[in-house]
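We did not get these values from a lab; they are worked out from the coordinates using the rules stated. Every value quoted in this text rests on a predicted model; they were computed, and no experiment measured them. Cβ sites come from the backbone with ideal geometry, for glycine too, and all protein chains shown count toward neighbours.
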Amino acid sequence: MAGQPAAGIHCRQGGQQAAAAPIESLTLGAGAHQTAAYILWGILFFNVAAGIAILSNLKPMALKNLGVSEMLAASVVMVGSFFNGFGRVFWGALSEKAGTPQTCSC
C-alpha cells in the first residue's frame, strides 16, 4: 500500500526510517528465562485475574445496581463470559495481524 514502510523497516518520528534489528533465535529453555518472558507471564496473570474478578462479581453487581431478576443477572454473566472469551481470541488475532512492534507501541 502507498505510504507504508517496506517490510523490516520501522518508521521513527519525523519520517526517518531505521532498519529493524535482526530477530534472535532462541531455544525454548533459553527463551523461557528471558526478562520479556517473565513480563509477559506477569501480564497474563494479572489479565486473567482481572477477568475472573470481574466475572465473579458480575451477578451481584447486576442484582444490586441494575435491580434485575436472578435469571436476567445470570444472563448478564453469560453474555459477559462470552465477550470475555471472544474478546481474548479477537484481540489476540488482531495483535498478531498487526505485528509485535505496532501492538507494543500503542
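A few notes on this one:
- Cα→Cβ-extended label distance, 7 Å offset, between T35 and A50, nm: 2.3 nm
- The 3J(HN,Hα) values that the Karplus relation (6.51, -1.76, 1.60; θ = phi - 60°) gives for the range 58-63 are, in residue order, 5, 5, x, 5, 5, 5 Hz. Gly and Pro appear as x.
- Extending 7 Å from the Cα toward the beta-carbon at both R88 and L63 defines two label points whose distance is 2.6 nm.
- Remark: the E70-I43 segment gains 6.4 nm on full extension, using 0.36 nm per residue and subtracting the alpha carbon distance.
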